[in-house]
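Throughout, read-outs are computed from the coordinates displayed, never taken from laboratory work. Source: prediction; values computed, not measured. For neighbour counting, all protein chains shown are included, and Cβ atoms are generated from backbone atoms with ideal geometry for every residue, glycine included.
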């Protein structure tokens, strides 16, 4: 099976200059972009982005998410409606409920609300849904909730596998569940520099390089030979910097 190489993109620059974006995706050997959108983005810019991507034979998923959507479903449904107008390949939902203050005091209540709303969002659209999850839900005792998310709230999952040297170990539970439910899985590598957003050297490949991340993915894929596993990098600007720095 062909492996997708995806990039998370949070910047409006990529959306506003689609030709330059697709030019780099081709140069950077990237098949897929997870492009963040908001309600403020114009319909014309979204149409143009999709059209240029189709011409370049690149897959576009609209990226959306906010921790508050754990409890508030309507904003997510509104973003899904915007996506459905433009018909990208699918959507990527990145909510991260563990960032809420409430998670520190009542994590079970937060996870229950998160699972409920992600199921409702999944049922509300015919678009392909990739759901972002961290590598540690099972380690926190939320294996049941993780299974529900994979089984009933996503067509594929993207695992924020941000712990260098333990990627295969930390993917065991997610890989097993995805295999059981016949769902593809993306493993995400952090490329941003340490010191921002709480990133430490252990979380990122910024210092050891993009080549090292690619080699690690090949090793990981060999550890799960009978499974559909794709790779994603976080995020566009960091990938571009490392790609050019290493002259790949």
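Dividing the summed helix terms, -39500 (n - 2.57) for each DSSP H run of n ≥ 4, by the number of residues in the chain produces a 222 nm estimate of -13000 deg cm²/dmol to the nearest 500.
Tell me, how many Å apart are the Cα centres for the stretch 151-222 and for the stretch 2-38? One Cα centre to the other: 19 Å.
Over all distinct alpha-carbon pairs, what is the Kirkwood Rh of the stretch 76-130 in angstrom? Walk me through the intermediate numbers first.
On the way: mean 1/r = 0.0816 Å⁻¹.
Result for the stretch 76-130, one decimal place: 12.3 Å.
Can you tell me the order of 28-41, 95-108 when each peptide is scored by its average per-residue count of other Cβ atoms within 10 angstrom, highest first?
Descending packing order for the listed peptides: 28-41, 95-108.
Length available on full extension from residue 226 to residue 126: 0.36 nm per residue minus the Cα-Cα distance, which gives 33.3 nm. When the inverse distances between all different Cα atoms of the chain are averaged and flipped, the Kirkwood radius reads 18.4 angstrom.
Using a Gaussian network model of the chain whose springs link C-alpha atoms within less than 10 Å, name the residue from 238, 45, 168 with the highest mean-square fluctuation. For the chain, modelled as a Gaussian network with Cα springs under 10 Å, the answer is 45.
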